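A.B. asks: Sharing a structure below in structure tokens format, with a few things to ask.
The values are calculated or read from the model by the stated rules, or taken from the named source; none is laboratory data. Quick caveat: nothing in here was measured; it's all calculated off a predicted structure. Note that each Cβ is placed from the backbone with ideal geometry, even for glycine, and that neighbours are counted across all protein chains shown.
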Amino acid sequence: MTAVHAGRTHRVRRSSVGLVQRIASRRLSDNWRVRVGTVREIWRYPVKSMAGERLECSDVGRQGLSGDRGWAVRSEDTGQIHNAKRFPRLMQCAATYREPPAGDRVPHVDITFPDGETIGSDSPALVTRLSELMGRSVALHPIRPATDTTYYRRREPGAAIIGALARYRPAKRVLAWMAAHGLAGGNVREEFGRDRGEPLPDLTSVPAELFEFYTPPGTYFDVFPVHVLTTGALAMMARLNPGADWDVRRFRPNILIDTGPNAAEEFEQRWIGQRVRIGRFTVKGQMPTMRCAMPMHAQSGLPRDASVLRTVVREADQCLGLYASVVNAGSVGLGEPVEVDD
């Protein structure tokens, strides 16, 4: 067993394990942390809903990994910020930065389409190509400041009023029920890929601002800036459905944590409300990752497989992974330790 106190690592003898557990259970100090794994993979997604870049290291700010979701496809007619929930062909495109992003600067990207053609974000041809792919008039937009709320606001009537009401718990429950049943715009069953008879996700845990905005203003994230997944969760799913390919790319995490070769458990679900130190930055677990239709969609090297989503819905209460907010900025590299406050 390895414990970390005040930044120093100590090996604990077996005879001392009971003592350490008793101390941890009493929570005598918030500085005790327990090592739960190491960083196995790091992912950044330059364009929302397109295939991402696998990294060896990254700076991490309060808005997540540097350059993550720096661009998104947006409707020129309605202002809607699009994703692959309804337009799965986006997942068959891949985006890469021409140069490393730094600070608030978002570099240009090159997008490779399903037929192999590559077009840059600074090319006039990109608008036509994206619109053909999506079957509607769209364009690629870089991220805007959080103060530009008009840009991020949903176009459904009364979005601002709905957003204000969602900040009150009783009203939020009603709005979540209305959204789940298609009474507040959109089609939740379609976007989340649920078959008839399957449960719909509980939207009461979603931040109130998402009832008003397509994405949290100042970002192109679905919910929170960091998405964590463990190898234990993937191993558990593979045991439940060994015929499916549980490739990590289906689930689009920022950080894949290696929890050991014999682990087959959703460890990350224990970390809700806890602080998790990943490399040299710290997050707070906010909520389980509610799975939409995207994991079952086809992408490069992975065929469409509805059984992936069916298994998550049936066996994992519709969730796989952890959404987290950044508490302390820093950096992360492959092989670095992951520690949870205990």
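A.B. asks: Name the pairs whose Cβ atoms lie under 7 Å apart, with the first residue in the stretch 203-217 and more than 13 Å from residue 171 (Cβ to Cβ) and assigned by TED's automatic domain parsing to the domain that holds residue 147, the second β-branched (Val, Ile, Thr) and surrounded by fewer than 18 Cβ atoms within 10 Å (Cβ to Cβ), and 6 or more positions between them or separate chains?
C.D. replies: Short answer, once both residue conditions are applied: 217/149.
A.B. asks: Further, regarding this structure: Of the residues that sit in the stretch 315-325 and are in contact (Cβ under 8 Å) with a residue 40 or more places away in the chain and surrounded by fewer than 20 Cβ atoms within 10 Å (Cβ to Cβ), which one is nearest to residue 62 (Cα to Cα)?
C.D. replies: Going through the qualifying residues, I end up with 325.
A.B. asks: To continue, here is another question. Any chance you could count how many residues in the stretch 218-248 are assigned to a loop (DSSP other than H, G, I, E, B), touching a residue at least 40 places away in the same chain (Cβ under 8 Å) and at negative phi?
C.D. replies: Counting residues in the stretch 218-248 that are assigned to a loop (DSSP other than H, G, I, E, B), touching a residue at least 40 places away in the same chain (Cβ under 8 Å) and at negative phi gives 13.
A.B. asks: May I pose another question? Could you list, in sequence order, all residues of the stretch 146-162 that are more than 7 Å from residue 217 (Cα to Cα) and aliphatic (A, V, I, L, M)?
C.D. replies: The answer is 159, 160, 161, 162.
A.B. asks: Which pairs have Cβ atoms under 8 Å, sit 6 or more apart or on different chains, and link a residue in the stretch 103-121 that is within 14 Å of residue 71 (Cβ to Cβ) and in contact (Cβ under 8 Å) with a residue 12 or more places away in the chain to one that is part of a loop (DSSP other than H, G, I, E, B) and among the hydroxyl-bearing types (Ser, Thr, Tyr)?
C.D. replies: 108/121; 109/121; 110/121; 111/121
A.B. asks: Something else: Among what's in the stretch 242-264 and is more than 8 Å from the chain's Cα centre (by Cα) and of a type in the set (D, E, K, R), pick the residue that is surrounded by the most Cβ atoms within 10 Å (Cβ to Cβ).
C.D. replies: 250
A.B. asks: Residue by residue through the stretch 89-115, note down the ones that are at pLDDT 95 or above, over 19 Å from residue 131 (Cβ atoms) and small (Gly, Ala, Ser).
C.D. replies: Of everything in the stretch 89-115, nothing turns out to be at pLDDT 95 or above, over 19 Å from residue 131 (Cβ atoms) and small (Gly, Ala, Ser).
A.B. asks: Yes or no: the stretch 44-52 includes at least one residue that is of a type outside the set (A, V, I, L, M, F, W, C) and over 15 Å from the mean Cα position of the chain (by Cα).
C.D. replies: no
A.B. asks: Could you run through the stretch 29-62 and say how many residues are surrounded by fewer than 20 Cβ atoms within 10 Å (Cβ to Cβ), of a type outside the set (Val, Ile, Thr) and farther than 27 Å from residue 302 by Cα?
C.D. replies: 8
A.B. asks: For residue 239, only one of the following conditions fails: (1) more than 23 Å from the chain's Cα centre (by Cα); (2) of a type in the set (D, E, K, R); (3) surrounded by 14 or more Cβ atoms within 10 Å (Cβ to Cβ). What is its number?
C.D. replies: With respect to (1) more than 23 Å from the chain's Cα centre (by Cα); (2) of a type in the set (D, E, K, R); (3) surrounded by 14 or more Cβ atoms within 10 Å (Cβ to Cβ), residue 239 is out only on (3).
A.B. asks: Now, a different point. Can you find a residue in the stretch 284-296 that is surrounded by fewer than 21 Cβ atoms within 10 Å (Cβ to Cβ) and among the charged types (D, E, K, R)?
C.D. replies: Yes, the stretch 284-296 has at least one match.
A.B. asks: Any idea which of 189, 169 is over 19 Å from residue 82 (Cα atoms) and not assigned by TED's automatic domain parsing to the domain that holds residue 272?
C.D. replies: 169
A.B. asks: Right, another one. Of everything in the stretch 282-312, what is touching a Ser or Thr at 6+ places or on another chain (Cβ under 6 Å) and charged (D, E, K, R)? Give them in sequence order.
C.D. replies: The answer is 284, and nothing else.
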